[in-house]
Amino acid sequence: MERPGYYGGFGGAFIPEILVATLEQLRVAFEQIKNDPSFWKAFQSLMSTYSCRPTPLTYSENLTRHFNGPHFYIKREDLNHTGAHKLNNVIGQGLVVQRMGKSRVIAETGAGQHGVATATMAAKFGFECMIYMGEVDVARQRPNVFWMEQLGATVVTVRDGARTLKDAINEALRDWATNMDTTHYVLGTVCGPHPYPEMVAYFQSIIGSEAREQMLGQVGRLPSRVYACVGGGSNALGIFQGFLGDSEVELVGVEAGGKGLKSGKHASRLASADGSVGVAQGYKTYFLQNDDGQMLETHSVAAGLDYIGVSPILAAYHEQGSIRFEAATNEEVLEATRLTMRKEGIIPALESAHALACVFREAPQMSADDVILINLSGRGDKDIFTIADALGDESWKRFITTKAEAYSA
Amino acid sequence: MLEDYIRQRLKERGILLMAHVVVGYPDLEASFELVKAIVVAGVDLMELQIPFSEPIADGPVILKANQSALAAGLRVDDCFKFAHRVTQSFDIAFLFMTYYNIVFKRGEDRFFAEAKAAEIRGTIVPDIPPEEGESYLAAAAAHGIAPIFILSPTTTPDRLAYLAGFGRGFFYCVARKGITGAKTTFSSELDEFLGRCRKVTQLPLALGFGVSRKEDVDFLNGKVEIAVVGSQALRVLNSSGVEAAGSFFRGLR
Ligand SMILES: Cc1ncc(COP(=O)(O)O)c(C=O)c1O
């Protein structure tokens, strides 16, 4: 049997000695809640009264018609409080923090969704909160920075390295190595040292168990395929866990193809040939790195997918062949965003639109009887600047210019 | 053997000094000059840090030096060549300090074989606890290089005893929580921590994190065998250059 925290040779806990005792404390606390039947009930109850769980399963009639079948169903994590699946994990960890008796939480964020979720949880539970965010992401996800600050969090701009998600994680780890007595690190995805991948996957499994029940109840069958975008992998593992035992269901994870897999400017660790096994940020997995083991700069229009590593759990499923990994380019993603807005009246986050883009590419080859389930991990309001730029929206530009003039007057 | 070297040196002085240099910072030639100035100033051991893009145990000063060296195109090959050059030129003990991915990507056996060929005597890799380090430890042992482990104030007594079983050369004790580069207030709590370390090992103890003045070294004299000076020397280098860094070490005795 593999050691705890290992998945097909991936995972582990490659951490400085100073953090060993703290991760052990977290492991024990997580073990306790997992074995406490009242915990999941309390979690579910909070998620159904503070947030909108279960999130709906929407039949997307217009997209179905547009592609002449297959049938499209969308799991609406965009309707979760704070606008993404991130809150599931954050509320779960918040309850663990209460049990551990800590008073301060820190987190990394890329898209800002995990940061907003953490700031929200901190406000509700009465914790002090500090969010680390790369300078590149601060600039492209500015609305979320505003909300984090309004929610009472301190947002620290990280100017080291590539100034994106990985650098925010490094900074959060450094803070934690100093302040672990009072502080819990709310890691936002199924990466990092044990027990994070297992713990985050556990909280996010709420998506998959709801979705499975909804498919059977609402549609009367399991989907032929399930699609989800993959940054670190938490929304994907969240929904996939509902279907991993069903051999007739194909699971498809969609990574950031950026400017194309041949361009070198992407964040596809599994779908491209550029990823290789390494150890960084506390765990072993596929990373985008050079021959020396130095991490490469990644690229994606979606800040939340713009990351060097991927969940060790997904890396294991990738090697087993039980999950298929694909990539969607920035261009395909913007097109998919536009189509989904116009056809369904849903504004997807750019991250989530990667799953849609891959579905739109593959749907024409599928049969009209097939049923597709898509995890819409978040809503796109946060991407208003990026999308407006990409679409070259003239009236938006005029508005911003006027606004800027008013501020500088 | 590294331990013998340390014991030998201790016959001549009460406490040894271990310096830390980021290879390739500010550039390869300047870091060679820096090594020279520091050796001449009388240090006994030196960590040569092979830069890594994600140095999670390092604070801003060393982090920026890592990034700057990598941005200038430094490769791991260059670091091995550099190590060879300094061990041929200077007669003190040199160790590699880096992160596990650098060892892993090169191949553990190759890494240690090449380190041995470069006459490196030990490795300090903060993100490889022994639980994850079976093959790392085997490769180090096969090539007769001491894998140095870190003992921290948060390490439980049981775990100190566990780590002690993997010790070679010396143990690197960190004076406080946190990362490199921050201030440390040396206090009696330290005695208690060092007492816990002594209980589990006969090996020499080095103490690092925040050692920055002669007073700190004097305070540690008689408490540990080695004082480790890292970020402060780099600050001196950044503000006043190579010669000043040499004088800084001379002033620590
Ligand atoms: C809406 C949304 N989807 C997906 C992701 C990617 O994370 P993960 O792969 O952990 O779901 C993010 C991350 O910021 C996000 O904000």
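The values are calculated or read from the model by the stated rules, or taken from the named source; none is laboratory data. Values in this document were obtained by computation on a predicted structure and should not be read as measured data. Ideal geometry is used to build each Cβ from the backbone, glycine not excepted, and the neighbour counts take in all protein chains shown. Just so you know, the surface numbers come from the protein's heavy atoms only, side chains and all, with ligands and any DNA or RNA stripped out. Shrake-Rupley method; radii C 1.70, N 1.55, O 1.52, S 1.80 Å.
Things to note:
- The residue pairs whose first member lies in region A:369-381 and is over 15 Å from A:GLU250 (Cβ atoms) and open to solvent by less than 10 Å² (accessible area, probe 1.4 Å), whose second member is near the ligand (Cβ under 8 Å from one of its atoms) and at pLDDT below 95, and whose beta carbons are closer than 9 Å, counting only pairs six or more residues apart or on different chains, are A:GLY378/A:ALA111.
- Matching option when the condition is over 25 Å from A:PRO312 (Cα atoms) and either open to solvent by less than 40 Å² (accessible area, probe 1.4 Å) or within 11 Å of chain B (Cβ to nearest Cβ) (or both), among A:ARG159, A:ARG142: A:ARG159
- Among the residues of region A:290-309, the ones that are in contact with a Leu (Cβ under 8 Å, 6 or more places away or on another chain), open to solvent by 10 Å² or more (accessible area, probe 1.4 Å) and either of a type in the set (A, V, I, L, M) or under 10 Å from A:HIS266 (Cα atoms) (or both) come to 4 in all.
- From the list A:TYR196, A:TYR202, the one residue that fits, being aromatic (Phe, Trp, Tyr), within 16 Å of the ligand (Cβ to nearest atom), more than 14 Å from every other protein chain (Cβ to nearest Cβ) and surrounded by fewer than 24 Cβ atoms within 10 Å (Cβ to Cβ), is A:TYR202.
- Tallying residues that are in a loop (DSSP other than H, G, I, E, B) and either in contact with a strand residue (DSSP E or B) (Cβ under 8 Å, 6 or more places away or on another chain) or surrounded by 22 or more Cβ atoms within 10 Å (Cβ to Cβ) (or both) within region A:240-289 yields 17.
- Checked against the criterion of being within 13 Å of the ligand (Cβ to nearest atom) and among the polar types (S, T, N, Q), the candidates A:SER224, A:SER209, A:SER234, A:SER247 yield just one match: A:SER234.
- Looking only at residues in region A:376-399 that are among the basic types (Lys, Arg) and more than 16 Å from the ligand (Cβ to nearest atom), the one that is nearest to the other protein chains (Cβ to nearest Cβ) is A:LYS397.
- Restricting A:THR164, A:THR182, A:THR178, A:THR157 to those that are within 16 Å of the ligand (Cβ to nearest atom) and among the hydroxyl-bearing types (Ser, Thr, Tyr) reduces the list to A:THR164.
- The strands (runs of 3 or more DSSP E) located wholly in region B:59-166 that include 1 or more residues which are within 12 Å of chain A (Cβ to nearest Cβ) occupy B:122-124, B:146-148.
- Yes/no for B:PHE112 being over 16 Å from the mean Cα position of the chain (by Cα) and more than 21 Å from B:PHE32 (Cβ to Cβ): yes
- Selected residue (only one of A:PHE325, A:PHE360 is assigned to a strand (DSSP E or B) and either away from chain B (no Cβ under 14 Å) or open to solvent by less than 20 Å² (accessible area, probe 1.4 Å) (or both)): A:PHE325
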